[in-house]
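Inspection log for the structure reproduced underneath, given as C-alpha cells.
The values are calculated or read from the model by the stated rules, or taken from the named source; none is laboratory data. Worth saying up front: this structure is predicted, and the values here are computed from it rather than measured. Positions of Cβ are backbone-derived with ideal geometry, glycine not excepted, and every protein chain shown enters the neighbour counts.
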Amino acid sequence: MTLYFITGNKGKFEEVKCILPNVEQLDLDLPEIQDIDGKKIIKAKLLEALKHKKEELIVEDTSLYFNCLNGLPGPLIKWFMKAIGNEGLFNLVERFGNFKAEAKTIIGYAKNEKEIHYFEGSIKGTIVFPKGKLGFGWDSIFQPIGYSKSFAELTSEEKNEISMRKIALLKLKEFIMKDSQFVFIKSEE
C-alpha cells in the first residue's frame, strides 16, 4: 500500500519525505473550507481527497496563531498573507505590542472515510520584521524561541530539525509504524 501526501508545495513535500521516505506526492487541487478549527479543515480535505484516490492519504494544515489576536489568524493565515503580506502581519502585532506567536501543523491521516487520525506539532516563537530569503509563506516573520534567526534565515536542515511539521510527522510515523504494512526505508538518492 502506498501512502500519499497531498500537496502542491515542493518545500512541504521534501520536509515530509525526510521523515517518511517512501511517501509519494499527489498534487490534487482540493477545495479548502474556511474555519478556525484546523481539524475541521483537515477532515474536509481528506474526505474530498478520498473521492479521487482510495488509498491511504495524508494532508496537512499549517497555521500561525498570534497571542495579541486571541489565536487569529490561525488556519486563516493564507488569507491574511494575501491581504496584508508579511510586513503587514508584523505591523499588526506591533500595534498591539504583543509579538508572541505559535506555529502549528496538523496532519490528517486517512485509511478510509471512517478512519481519520490527527497529529499535531507546534512551536512557540515571536513575530519579527521580515528577514531572510529562505523558506516560504510567513517564514520570514516567525522566529522560534531560543533562536536569533527567523525560519527564513535558517537552512532547510536547521528548520526541519525543529519545525512543527517534523513534530507532527514523527507522531504520525510512530502511529503508522504500528501498522506492519508500512516499512520506511531511506531511499538512496
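Computed values, structure above
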{"item": "Qualifying positions in the range 108-149 - within 14 Å of MET164 (Cβ to Cβ), in a strand (DSSP E or B) and either within 12 Å of the chain's Cα centre (by Cα) or of a type outside the set (A, V, I, L, M, F, W, C) (or both)", "result": "TYR118, PHE119, GLU120, GLY121, SER122, ILE123, LYS124, GLY125, GLN143, PRO144"}
{"item": "Residues of the range 27-43 satisfying the condition of being assigned to a helix (DSSP H, G or I) and either within 13 Å of ASN112 (Cα to Cα) or touching a strand residue (DSSP E or B) at 6+ places or on another chain (Cβ under 9 Å) (or both)", "result": "GLY38, LYS39, ILE41, ILE42, LYS43"}
{"item": "Residue count, the range 118-139 (criterion: within 23 Å of VAL16 (Cα to Cα) and at pLDDT 95 or above)", "result": "8"}
{"item": "Residues that are farther than 18 Å from LYS111 by Cβ and among the β-branched types (Val, Ile, Thr), drawn from the range 17-45", "result": "ILE19, ILE33, ILE36, ILE41"}
{"item": "Candidates GLU102, GLU94, GLU87 - the one that is within 25 Å of ILE19 (Cβ to Cβ) and charged (D, E, K, R)", "result": "GLU102"}
{"item": "Count - residues of the range 1-51 that are of a type in the set (S, T, N, Q), under 20 Å from GLU174 (Cα atoms) and touching a residue at least 60 places away in the same chain (Cβ under 8 Å)", "result": "1"}
{"item": "Subset of the range 140-159 that is in contact with a Leu (Cβ under 9 Å, 6 or more places away or on another chain) and surrounded by fewer than 18 Cβ atoms within 10 Å (Cβ to Cβ) - its residue that is modelled with the highest pLDDT", "result": "TYR147"}
{"item": "Filtered residues of the range 69-107 (kept if buried (at least 17 other Cβ atoms within 10 Å of the Cβ), of a type outside the set (Lys, Arg) and part of a helix (DSSP H, G or I))", "result": "ILE77, PHE80, MET81, ASN86, LEU89, PHE90, LEU92, VAL93"}
{"item": "Members of the range 51-67 that are at pLDDT 95 or above and surrounded by fewer than 17 Cβ atoms within 10 Å (Cβ to Cβ)", "result": "ASN67"}
{"item": "Pairs with Cβ under 6 Å, 6+ apart, first in the range 167-187 and at negative phi, second in a loop (DSSP other than H, G, I, E, B) and at pLDDT below 80", "result": "ILE176/PHE182; GLN181/MET1"}
{"item": "Where a residue in the range 60-80 is small (Gly, Ala, Ser) and its partner, wherever it lies, is surrounded by fewer than 16 Cβ atoms within 10 Å (Cβ to Cβ), with Cβ under 6 Å and at least six apart", "result": "GLY74/ILE36"}
{"item": "So LYS10, is it surrounded by fewer than 18 Cβ atoms within 10 Å (Cβ to Cβ), more than 14 Å from ILE116 (Cβ to Cβ) and under 16 Å from the mean Cα position of the chain (by Cα)", "result": "yes"}
